[in-house]
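The next block holds one structure in the form of structure tokens; read it before the comments.
The values are calculated or read from the model by the stated rules, or taken from the named source; none is laboratory data. Bear in mind the structure is a predicted one, so any value in this text is a computation, not a measurement. Glycine gets a Cβ as well: all are built from the backbone with ideal geometry, and neighbour counts include every protein chain shown. Surface areas here come from the heavy atoms of the whole protein model, side chains and all, with no ligands, DNA or RNA. Shrake-Rupley method; radii C 1.70, N 1.55, O 1.52, S 1.80 Å.
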Amino acid sequence: MTKAEIITQRVEALRAWMRKHQLDAYIFPSTDPHAGEYVPDHWKTREWITGFNGSAGTAVVTLTHAALWTDSRYWLAAEEMMEGTPFEVVRCSRNVATAEELMEWIDTQHNHTADIRVGLDAWTNTAASVKAMYKVNDEKLCQTLELVTDLSPADELWAERPPLPSSPVTLQPLELAGRTTADKLKDIRREMERTEGDCLLVTQLDEIAWVLNLRGSDVHCTPVFVSYLLILGKNDNRPGPEAILYINENKVNDDVKGYLADNGILLRPYEALRSDLLEGDAAGTDLHLSTIQLDPEVTCHALCSAAERGNTFCAALEPSPIPALRAIKNEAEIAGFRSAMLKDGVAMVKFLKTLSPLPREGESLAPLEITEMGVDKLLTSLRAQQDGFRDISFDTIAGYGAHGAIVHYEATPETDIPLEPHGLLLLDSGGQYVDGTTDITRTIPLGPLTDEERRDYTLVLKGHIRLATAVFPAGTTGTQLDVLARYAMWQEHKNYGHGTGHGVGSYLSVHEGPHQFRMNYVPAQLQAGMTVTIEPGIYIAGSHGVRIENTMLIVPSSGCKPEEGTWLCLEPLTLCPIDTRPIIREMMLPDEIAYLNKYHARVREALLPRLDDEADKAWLLEKTHPLPLPQGRGEACAM
């Protein structure tokens, strides 16, 4: 039975289940009870019903139609994965479909009739999304809408559904974390004072791991563990714990239990949080909560509604203060990033040197014989040889030729193709090391290129360098700088649909906020100590893709006078040569080549002492050899 036939059977079974429960539609988001980007297999219900495995997308099934909303990163991939299934791909501009898009589509498929019953899982849909659906219906559709939130078809129809993960929790040493849990709790409580709340409900797994200096392996590529954290506010008259961790206690060994006890962290069963919120206390602890801060954008409807219906009053529905605190890395975390980047750079050099013997056009490819999946396997094995390697930080994107135009392409046995001695390989990958997380993209020429491939490569490199050399005042947002990466390609009427950069966690999630480089407005201000990627790209469907990415550290700009205020610039953390062979030299400005030469000198100086193979050293020296400056010398931002 083909994959399309399996998905078709699941949709038919779902529709029978919907008729039984008198539902007109059912909504499947891509997230879990913790609003995670990457979720444990147990909660991948959208992938189960659609067959689409991208990290972003919302599926809706009615009794007669089915659709998946996803953004430009996944348009081509989703269409390929779901070909032959009942699902159509709806192209949207955001990584999450809006309530208006979903409800208007459901209303249309339901022929605008007066009564609509829509099912969704209260545990995997956020409180904000459920509220937005009602608001759209009341203000635009004026139908009698009933959202049924206590039914989950996956509970009944998903045969062999994976269980909840049960991997052990481990300690992140203080020399790597940089700050104690007690200090982090003090910072969080200082921010909580604005809301006058008794406690802060933390539902996102990377926030919990950061606060507690703990790590796990419950989520693919991300070292976190399934749990909730209730941080109790400062109250000198209140005896008892500092916070309550809701977790399956079998995951916590004696050492971690002792550590948590020393920090005043009480353990409660993972399933107990909802009842504690309904009752307004933590059963058996003599704690009586009166006010609570939670973020409806990342808190599931089940928990938010429990708090509102129980004895607890939600005093503040606003974002958690943790992302802003976590985004500014301390000295130990920055040192960890530098260490991880050195190790990752060694692995990348060994990998890229392995690709160098690829034959040129007209010669046999037999000496290497590697496919896209082979690229992933080889690079992961080289990373695994490095000290402190724990996992990849996301599924490797190795797209050769036309596959490079699929922004989040992931090779499968069905799509895997061999590399050939021409064209471009787009390779986006990263590693999780115990001291840091890496994220790097290189676009690699495998032989002769077309004029368009070379031009697109040069435009992307110019955009990368122009943003990398930015000097900007404190208080600037990523949105204000995003145009720098796009300017050169815009002059040739080219663009890309994804963001230009995101924060990176310290042995945590590879995608971390709240700051970003992005066209649409992101209010978070850029501050010294933040990590952020620069990754512009150009994607030509059916032909090729180009993306060049480094992870950067925001640092104070040198040479500022006191009266000039605080100015910032970007220092590259990633250490790996950027291929110069595809560059059209005439398109490059002197300061752009100067920056590239200075970056390559930095890479060469850092990595040469760590290479133990003479052939690897010779390759690195060749690939970091400075390019001649056109029309005299240029200047670049100091690194």
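Results, tabulated for the structure shown:
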item	result
Crossing angle, helix 331-355 versus the chain [Cα axis fit, 0-90 degrees, rounded to tens]	50 degrees
The chain: antiparallel DSSP beta bridges as a percent of all, rounded to 5	75 percent
Kirkwood hydrodynamic radius over Cα pairs of segment 187-229, then Stokes diffusion coefficient at 4 °C and 1.567 mPa s, in µm²/s	114 µm²/s
Label-point separation, Ala606 to Glu271 (7 Å along Cα→Cβ), nm	4.8 nm
Test item: Cα-centred dipole of the chain, Lys/Arg +1 and Asp/Glu -1 on Cβ, debye	1160 debye
Qualifying lysines (Cα of each under 29 Å from Cα of Lys135; at least 8 residues distant if same chain)	Lys20, Lys44
More than 16 Å apart - percent of Cα-Cα pairs taken over segment 154-258	63 percent
Residue (of Tyr521, Thr8, Ser129) at the positive-pole extreme of the chain, dipole from beta-carbon charges	Tyr521
Linear extension gain, Ile540 paired with Lys3, 0.36 nm per residue minus alpha-carbon span	190.6 nm
Two-decimal log10 I(q)/I(0) for segment 442-525, as the Debye equation yields it once each C-alpha is a single scatterer, q = 0.18, 0.25 Å⁻¹	-0.86, -1.24
Efficiency of FRET from Cβ geometry, Asp613 and Arg19, R₀ 60 Å, rounded to 0.05	0.40
Efficiency of FRET between Leu627 and Ile417 - r from beta-carbon atoms, R0 45 angstrom, step 0.05	0.90
For segment 67-193, the spread of Cα positions along each principal axis, largest first, Å	60, 40, 33
Reachable lysines from Lys343, criterion Cα separation under 16 angstrom, eight or more residues apart if same chain	Lys353, Lys617
Protein accessible area in the chain, 1.4 Å probe - carbon and sulfur %	50 percent
Stretch gain in nm, segment Arg194-Ala159, where the contour uses 0.36 nm per residue and the Cα spacing is subtracted	7.9 nm
Long-range HN-HN contacts of Val522 with modeled amide H, under 5 Å	Thr479
Residues listed by number, segment 70-86, amide nitrogen under 19 Å from His220 label point at 7 Å toward C-beta	70-71, 73-83
FRET E, pair Val148, Thr291, Förster distance 22 Å, beta-carbon r, rounded to 0.05	0.15
Rounded tilt (10° steps) of 614-623 against the dominant C-alpha axis of the chain	90 degrees
CD proxy at 222 nm, helix term only [per DSSP H run n ≥ 4: -39500 (n - 2.57); per residue of the chain; nearest 500]	-10000 deg cm²/dmol
Reachable lysines from Lys561, criterion Cα separation under 26 angstrom, eight or more residues apart if same chain	Lys329, Lys598
Lysine pairs within segment 140-268, Cα separation less than 27 Å, 8 or more sequence positions apart or different chains	7
Full-extension gain in nm, Ala528 to Glu279, via 0.36 nm per residue minus C-alpha separation	85.3 nm
Distance-filtered residues of segment 18-49 - backbone nitrogen under 14 Å, label point 7 angstrom along His65 Cα→Cβ	25-26
Per residue, in Å², the accessible surface of the chain once ligands and nucleic acids are set aside, probe 1.4 Å	41 Å²
HN-Hα J in Hz across segment 159-164 - Karplus 6.51, -1.76, 1.60, θ = phi - 60°, x for Gly and Pro	5, 6, 5, x, x, 4
Rounded to 10°, Cα long-axis angle of helix 451-468 versus longest principal axis of the chain	70 degrees
Alpha-carbon gyration tensor eigenvalues x 5, square-rooted, for the chain, Å	41, 32, 23
